[in-house]
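The values are calculated or read from the model by the stated rules, or taken from the named source; none is laboratory data. None of the values given here were measured: they were computed from a predicted structure. Here the Cβ positions follow ideal geometry from the backbone for every residue, glycine too, while neighbour counts run over all protein chains shown.
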Amino acid sequence: MQGVLRKGASVLVAGLMATTLWAGASYGKVEAAQASELPDVMLGVFTNSQNDSTDTFYMSMDGLHFEKISEAFVNRYPNNPNDGTAVGSGTPANPVKTPNGWERTWPLYSFSCPSIIYHDGYFWMLANESNGGDDGTLRLVISNSKDLVHWCDQRQVKVPVPAGYPSNGTGSRFDAVAADWAVGPDGNIYVAVSLGRYGAFHGDAENDRMAPYMVKVTKLAGKNDPENNPIGNDDSFITVKTEPAVRINLPEADDNRIDGSWYFEDGRAYLSIKKHGVTNEIWSIGDLGSVGNATAWHKVCSDVITGYEAPSLTKFKGQYFMYTDELATWTPNINERPAYYRTGTNVQRSSSLSGGWTGANLVQAYTASGQNMTVSNPYNDLGDGPRHGTVITVTDPAAKAVIWNQRAKAGWKGDAPSFWDVSAGDWFNESVSYASSNGLITGYDSSTFGPHDTLNRAQAAVILWRYFAPEEAASYDASTAVNRTGLHGVEDRMWYTGAANWAVRTGVINGVGGVDFAPYVGIDRQMLCTMIGNAAKILCNDSVVGADPSAMNRMPDAGSVAGWATDSVAWAINKGVISGVNVNGARMIAPNDQVPRCQMAAVMMNSIQKGTLHR
């Protein structure tokens, strides 16, 4: 079997009772009965870097932050980009013992740029061998796993290719690149792969002449157990049936379209593909039986992004996500190229496939120990990855259970980041996740939390309202709301009007100077302590007045606390609601500092978990 080809042109060879049970190791193993309760998740598999072709699996809850959970076919020589053999490879002279006692006398290869699906109770990886044509066949390579850790030895699947394919210039041979697959709405599996002349294989990088093809997989089923028998990948264990490859004829003919990948929605197939080596398009078709008919195709987006390759499209939480790998050797102007050429997987998002795509954001990939797997400088010894791969949205309960349990086994604790502006290493990640998952503090949209934005009085009222009066907050209709606070500044029919009415009615928040609610005025730390103290006193029967000031007075800036806030600040410090901020090594109250949204998330989590606030 030839070395498995790398994909792409630049490569050379909701309420407190709903507290999440899926948030990593701290919640233990997810049982089968709980699987239906798990949230959908994104699963990505990438090549580590140009040099290290190890296939690495990540999960994500927001499409930007990716947590490493496992590996498959670890590259035996991660510093040699020309050797993709994997750990466990054997030879006739040096066979390798497998768990079931068999001897492996053949090599294994990293898939390098793998494609992943979940089907028939297994995760399946796909790649292709780099050449074909001697016997008129395309050689796909597959493997399957039940747990994303143990994989069966790679199996070659030969697919007939009708005459007429572009030649690589050597007789009847062709090069093959970028095999990618997805499960179609009809239950069949569809592969996109490009055939022809791949310039880098012939010392002529970026001078490619290739055409996309489709392969329909009508049967893909397994009866094997890769953990106990990794070699069991023949017909008695895995059944694979395909139809011959069919050439995809797109309008606006171009002799260089590669890196095709499928996405299916509402009965239509969407093909993301790179045109002329640099520009990523999206095409759609209603009948996959007509892929050879150029008039059956509709152009959805002519330029998602230019200068990137290996597109992978999915939809998650109502948004479309496009993943591409930055081209190391392309810029609009060669004189603008930097001293080093950045590569690595980037992501864009949009609410529409036809446009509105954000700029490219380099994905943030980490291990549970905090190692940054995302490196934009290829001179760094970690490499330049993650590189070409596939990201899919997983909705099957059994598959989600595997992913979440593997996350726990990999050492991840707490919730996965769910906002693009909150990272796994941020001190406030856990509290933001807690506040958002319990419906206390929502993001501005599905991907932005604004952790460093200043909290204002209206936002504080809404957060406390959601906790203490969840049913009232959940049924709130802003269109009929009027100001009943008796204070200035509260507008009718606003997102915060009901919360302001509740806060003033209960006495949790009082007016500024007794006359103005001042909804958009930022809150400082002593104001926040007073609001939380009011809530504890009025709604939780706690005693705030006369709090022991000794802990507060040990802080150097205790004298800067306003007289009206002294009891509340002392109480908040005693209760662990706030702990002070570090200023040049000293623990300070910082009573006049503005409160960012991430601090409010931490205050709410601390207060609720410690029992300071309760209902």
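So that you can scan it fast, the table gives a plain yes or no per residue for (1) crowded, with 19+ Cβ neighbours inside 10 Å; (2) under 22 Å from Trp502 (Cβ atoms); (3) at pLDDT 85 or above:
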site	(1), (2), (3)
Phe419	yes, no, yes
Gly425	no, no, no
Ser431	yes, no, yes
Ala435	yes, yes, yes
Gly439	no, yes, yes
Ser446	no, no, no
Pro451	yes, no, yes
Gln459	yes, yes, yes
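Quick one: which residue in Asn128, Asn168, Asn144 is closer than 24 Å to Arg257 by Cα, assigned by TED's automatic domain parsing to the domain that holds Val402 and in a strand (DSSP E or B)?
Asn128
Mind counting the residues in the range 178-206 that are more than 25 Å from the chain's Cα centre (by Cα) and not small (Gly, Ala, Ser)?
The total comes to 9.
Would you be able to tell me the number of residues in the range 405-464 that are hydroxyl-bearing (Ser, Thr, Tyr) and assigned to a helix (DSSP H, G or I)?
5
If Gly121 satisfies all but one of (1) surrounded by fewer than 16 Cβ atoms within 10 Å (Cβ to Cβ); (2) at pLDDT below 95, what's the number of the condition it fails?
Only one criterion in (1) surrounded by fewer than 16 Cβ atoms within 10 Å (Cβ to Cβ); (2) at pLDDT below 95 is unmet by Gly121, namely (2).
Could you grab me the full set of residues in the range 519-575 that are of a type in the set (A, V, I, L, M), under 21 Å from Phe468 (Cβ atoms) and touching a strand residue (DSSP E or B) at 6+ places or on another chain (Cβ under 7 Å)?
Answer for the range 519-575, where residues must be of a type in the set (A, V, I, L, M), under 21 Å from Phe468 (Cβ atoms) and touching a strand residue (DSSP E or B) at 6+ places or on another chain (Cβ under 7 Å): just Ile523.
Among the residues of the range 224-236, is any among the polar types (S, T, N, Q), more than 30 Å from Ala253 (Cβ to Cβ), in a strand (DSSP E or B) and in the same structural domain as Asp135 (by TED's automatic domain parsing)?
Within the range 224-236, not a single residue is among the polar types (S, T, N, Q), more than 30 Å from Ala253 (Cβ to Cβ), in a strand (DSSP E or B) and in the same structural domain as Asp135 (by TED's automatic domain parsing).
In the range 238-264, which residues are modelled with pLDDT of 95 or more, in a strand (DSSP E or B) and exposed (fewer than 14 other Cβ atoms within 10 Å of the Cβ)?
Answer for the range 238-264, where residues must be modelled with pLDDT of 95 or more, in a strand (DSSP E or B) and exposed (fewer than 14 other Cβ atoms within 10 Å of the Cβ): just Lys241.
Please go through the range 465-508 and pick out each residue that is among the small types (Gly, Ala, Ser) and assigned to a helix (DSSP H, G or I).
Within the range 465-508, Ala473, Ala474, Ala478, Ser479, Gly498, Ala499, Ala500, Ala503 meet the criteria.
May I ask you to verify whether Gly136 is modelled with pLDDT under 95, out of contact with any His (no Cβ under 9 Å at 6 or more places or on another chain) and surrounded by 16 or more Cβ atoms within 10 Å (Cβ to Cβ)? Give the steps one after another, and end with the answer.
Numbers: modelled with pLDDT under 95: yes; out of contact with any His (no Cβ under 9 Å at 6 or more places or on another chain): yes; surrounded by 16 or more Cβ atoms within 10 Å (Cβ to Cβ): yes.
It is true that Gly136 is modelled with pLDDT under 95, out of contact with any His (no Cβ under 9 Å at 6 or more places or on another chain) and surrounded by 16 or more Cβ atoms within 10 Å (Cβ to Cβ).
For (1) more than 12 Å from Gln526 (Cβ to Cβ); (2) under 36 Å from the mean Cα position of the chain (by Cα); (3) not β-branched (Val, Ile, Thr), each residue gets a yes or a no:
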| site | (1), (2), (3) |
| --- | --- |
| Val569 | no, no, no |
| Ile578 | no, yes, no |
| Asp593 | no, yes, yes |
| Gln599 | yes, yes, yes |
| Thr612 | yes, yes, no |
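Can you name the residue in the range 171-190 that is of a type in the set (Phe, Trp, Tyr) and at pLDDT 95 or above and is also nearest to Ser261 (Cα to Cα) among such residues?
Of everything passing the filter in the range 171-190, Trp181 is nearest to Ser261 (Cα to Cα).
For (1) modelled with pLDDT under 85; (2) surrounded by 21 or more Cβ atoms within 10 Å (Cβ to Cβ), each residue gets a yes or a no:
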site	(1), (2)
Tyr323	no, yes
Arg337	yes, no
Tyr340	yes, no
Gly359	no, no
Ala365	no, yes
Gln371	yes, no
Pro378	yes, no
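When you go through Asp134, Asp186, Asp208, Asp180 one by one, which is the residue that is assigned by TED's automatic domain parsing to the domain that holds Gly88, within 21 Å of Tyr109 (Cα to Cα) and not aromatic (Phe, Trp, Tyr)?
Testing whether each residue is assigned by TED's automatic domain parsing to the domain that holds Gly88, within 21 Å of Tyr109 (Cα to Cα) and not aromatic (Phe, Trp, Tyr) leaves just Asp180.
Quick check on my filter: what residues within the range 431-458 are of a type in the set (D, E, K, R) and within 17 Å of the chain's Cα centre (by Cα)?
Asp445
Among (1) at pLDDT 95 or above; (2) crowded, with 23+ Cβ neighbours inside 10 Å, which single condition is Arg505 missing?
(2)
Restricting the search to the range 534-568, which residues are of a type in the set (Ser, Thr, Tyr) and either surrounded by 17 or more Cβ atoms within 10 Å (Cβ to Cβ) or not assigned by TED's automatic domain parsing to the domain that holds Asp524 (or both)?
Matches in the range 534-568: Thr566, Ser568.
Look at Arg597 and say whether it is of a type in the set (Lys, Arg) and surrounded by fewer than 21 Cβ atoms within 10 Å (Cβ to Cβ).
Criteria not met by Arg597.
Does the range 552-566 hold any residues that are touching a helix residue (DSSP H, G or I) at 6+ places or on another chain (Cβ under 7 Å), within 18 Å of Ile532 (Cα to Cα) and either part of a helix (DSSP H, G or I) or of a type outside the set (A, V, I, L, M) (or both), and which are they?
Met552, Ala565
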